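Undergrad: Take this structure first; my questions come after.
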Amino acid sequence: MRLLIDEMFADAVAHGLRDRGHDAISVREARPTLAGATDEEVLKAAADGGRVLMTENVRDYRPLEIALLAAGGQHAGIIYTSNRQFPRGHPHTTGRLVRALDALLADPPALADRSIFLRPSAG
């Protein structure tokens with residue numbers, strides 16, 4: 001599974017996943033023009049690149065996902081997180097995200113044209 005990590009997350013999440021052998025890039029690493037791009041542009045870039053998008057922005061991306069699918073479009077998948085489960089200001093969040101994503105990627109679900117919520121891993 002190839003991941004595109006939305007810009008609300010530290011690039012260290014993508015780095016940590018790559019250190020564990022996963023194909024993960026942050027929005028800032030993907031293309032400099034994606035940093036600060038609209039949500040529509042980021043979702044399109046993920047879909048065009050065959051990458052699963054990870055974002056905390058359910059409020060904006062869920063309607064975009066629904067509209068895309070209703071129009072006959074496709075995407076590789078969306079992994080939603082929450083600030084409650086993975087608080088961005090907490091110093092351990094990056095490690096917790098990397099561990100949870102690593103566990104998910106060990107047995108990846110079929111995500112084509114689907115979305116899921118990431119849960120913290122037990123370890």
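Undergrad: Considering only helices (runs of 4 or more DSSP H) fully contained in the stretch 1-62, which possess at least 2 residues that are under 22 Å from Pro109 (Cα atoms)?
TA: 11-19, 39-48
Undergrad: Right, here's the next one. What is the number of the single condition among (1) closer than 21 Å to Asp19 by Cβ; (2) in a loop (DSSP other than H, G, I, E, B); (3) of a type in the set (Lys, Arg) that Arg84 does not meet?
TA: Looking at each condition in turn, Arg84 falls short on (1).
Undergrad: Does Ala110 meet the test of being in a helix (DSSP H, G or I) and either of a type in the set (S, T, N, Q) or free of Cβ contacts under 8 Å to residues at least 40 places away in the same chain (or both)?
TA: Here the answer is no, as Ala110 does not meet what is asked.
Undergrad: Identify, please: which residue in the stretch 15-54 is under 14 Å from the mean Cα position of the chain (by Cα) and among the β-branched types (Val, Ile, Thr) and is, among those, nearest to Ala112 (Cα to Cα)?
TA: The residue in question is Val52.
Undergrad: While we're looking at this one, here's another question. Yes or no: Ile79 modelled with pLDDT of 95 or more, outside any helix (DSSP H, G or I) and either over 13 Å from the mean Cα position of the chain (by Cα) or within 22 Å of His15 (Cα to Cα) (or both)?
TA: Here the answer is yes, as Ile79 does meet what is asked.
Undergrad: Please pick out the residue among Arg51, Arg84, Arg31, Arg99 that is surrounded by fewer than 20 Cβ atoms within 10 Å (Cβ to Cβ), at pLDDT 95 or above and not acidic (Asp, Glu).
TA: From the options Arg51, Arg84, Arg31, Arg99, the qualifying one is Arg99.
The values are calculated or read from the model by the stated rules, or taken from the named source; none is laboratory data. Fair warning: this is a prediction, and the values are worked out from it, not measured in the lab. A quick note on method: Cβ atoms are made from the backbone with ideal geometry, for glycine too, and the neighbour counts reach across all protein chains shown.
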